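One structure is given here, and the rest of the page talks about it.
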Amino acid sequence: MSKRTATELETSSRSGEPFAKASGSGQRRENVTVDEMGEFEDAWEDEIESDEEVVDAEAQGEDGMEVDEVLPAIEESDEPQPAPEAFIPGHHVLGKDEILEPDDSVYIMRHAMNVNWPCLSFDILRDNLGDERQRYPATVYVAGGTQADTAKNNELIVYKMSSLHKTQKDNADSEDEDDEDDDALDEDAVLEYKSIPHFGGVNRTRAQPLPVGSSLPPVSQPYHVATWAETGKVHIWNVRPLIEALEVPGYVYNRAQVSTPVFTINSHGRAEGFAMDWASSGPTSLRLLTGDIHAKIYLTTSSPSGFNALSQSFQSHTSSVEDIQWSPSEPTVFASCSADQSIQVWDVRSRGRKSVAGIVNAHESDVNVISWNHTTSYLLVSGGDEGGIKTWDLRNVKKKGYGIFLSISSEINPSFSSSVDPDPTPVAHFTWHKQPITSIEWHPTEDSIFAASGADDQVTLWDLAVEQDTEEFGMDDTAEGGREVPPQLLFVHQGQKDIKEVHWHPQIPGTIISTASDGFNLFKTISV
């Protein structure tokens, strides 16, 4: 049986008639002998259309049917797709309807969590899951205070964030992944919480420090969290029962007792504040510093019998105290920064409650935040309202006055000799952020690395140990458009709005938690 050619198909279609077939009255073929198996023939001489003929006929629109023209398949290009362009703040501008998308290839872990009310201050709570942990999924505990619509709707909340898996990479090699390892899973994180009613918005939240390597205190002992309320009061709470309720299903605690502060500091009157920091001299001896907008700093101490707020304030600042940090090496020394553009160093034993050293005009505007290096205790980093970040060597800071004996370690220059420059300059100065610095914190174990957040919706990671090396790379660190990228800038995390605080997790190396008006971000990058 022969097939019709393309010419024959075209001729038949022009006549407007279907292909000719044998009529039902046509003469039969002679009978075929049963014993002989011959070539298959159609006894009725029907012409069977091949698949090729059917397709060609349909393309020509036979039988009155209109069929769209069959287009050839589009061949995929072997050329690689252009890599997405990194968004550089200050150089690139988002167009209309454009949004930022995270590049998950540079994250080991990244999670975003929304909350009912903005939580603009928080602290990380210690847990019993171990130090230096690297396994996933991870679990973290956080204490935070809300900024609700009315004073009575605020809460102090203990969050448990669990099932924090590694971020999956689109181009990950499946052969390199262990199918039996939970690290490779990509499940949704779980957010659980227990809360305490808190009258007034929470300006600052700080948790009692626990020694490195220590375990969470038993449920019979308190774990304190302090909150700076917009009402001017500082409350101290015991959150240990809330942690137990999140860890042990069915655990019941006395709600009335937990909802009552362990102690309330009324020293500031009705003046609200933001500066607050704990120090620990032992399991039963705690010290809490609080600074208000009227430039006053008060000290509250604890003993086995309870807390005691000292009545005399520390006064050397002339404007709002914005942040306070205890020295990591000297139990009686602390530093503070203020809207008066200065950084002051204090010793609680000094007469008259005056600062013993200071840096005047540390920034061109308000000094918003400071952080004392925990491993190199003479280094202090500060962030200003102008967006600048400065690192200071406190060995270059001159002592104020004479006749005051300070047992400050040699690293912090115990003599504060008169030969020291009275107007010290920072050992490092960065102007990457273009809006106020809202939070800054040294890495808990790496003495050259710190994290900062700004009102320009950026969290930045820095390493002072990195130096410019243009010869090795054959290029400079300048973005297209002329903006210089400092070589010490390791990473820029974006995507949050109105970022207020950032903290390193002390038990999960390299993990950062940040809070903003739209919730929490928790991430670990490939850079740290």
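The values are calculated or read from the model by the stated rules, or taken from the named source; none is laboratory data. No experiment lies behind these values; they were computed from the predicted model shown. Every residue, glycine among them, receives a Cβ derived from its backbone with ideal geometry; neighbour counts consider all protein chains shown. Accessible surface is based on the protein model in full, side chains and every heavy atom, while ligands, DNA and RNA are left aside. Shrake-Rupley method; radii C 1.70, N 1.55, O 1.52, S 1.80 Å.
Numbers at a glance
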quantity: Probe 1.4 Å, protein heavy atoms only - accessible area per residue of the stretch 481-528 in square angstrom; calculated: 30
quantity: Mean separation of Cα contacts under 8 Å, 6 or more apart, over the residue count of the stretch 247-299: relative contact order %; calculated: 27
quantity: Amide H within-cut-off set for Thr511, under 5 Å, with H built and near neighbours excluded; calculated: His505
quantity: Nearest-0.05 FRET efficiency for Ser319 and Glu230, computed from C-beta distance (R0 25 Å); calculated: 0.85
quantity: Gain on full stretching of the segment that runs from Ser220 to Gln494 - 0.36 nm per residue minus C-alpha separation; calculated: 94.5 nm
quantity: The stretch 210-264 shape via C-alpha gyration tensor axes, a/c threshold 1.5; calculated: oblate
quantity: Computed lengthening from Ala151 to Ser517, 0.36 nm per intervening residue step minus Cα-Cα distance; calculated: 130.0 nm
quantity: Extension gain (nm, one decimal) between Phe87 and Ser259, 0.36 nm per residue minus Cα-Cα; calculated: 57.4 nm
quantity: Percent carbon-and-sulfur accessible area, the stretch 239-355, ignoring ligands, DNA and RNA, probe 1.4 Å; calculated: 48
quantity: Rounded to whole Hz, the Karplus (6.51, -1.76, 1.60) HN-Hα couplings of the stretch 307-321, x for glycine and proline; calculated: 9, 9, 8, 6, 7, 7, 9, 8, 9, 9, 6, 10, 8, 3, 7
quantity: Per-pair calculated FRET efficiency, R0 = 45 Å: Leu210 and His429 via Cβ, rounded to 0.05; calculated: 0.85
quantity: Spacing of the two label points (7 Å from each Cα toward its C-beta) at Asp103 and Thr284, in nm; calculated: 5.6
quantity: Inter-label distance, nm, simple model (7 Å from Cα along the C-beta direction), Ser162/Asn308; calculated: 4.2
quantity: Three-way shape label, the stretch 230-341, alpha-carbon gyration tensor, a/c 1.5; calculated: prolate
quantity: Heavy-atom accessible area per residue - the stretch 99-158, 1.4 Å, Å²; calculated: 46
quantity: Cβ-derived FRET efficiency at R0 35 Å, Asn128 paired with Val466, nearest 0.05; calculated: 0.45
quantity: Charge dipole (the stretch 289-378, unit charges on Cβ, about Cα centre) - positive-most of Thr318, Ser350, Ile370; calculated: Ser350
quantity: Solvent-accessible area per residue for the stretch 298-343 (1.4 angstrom probe, square angstrom); calculated: 35
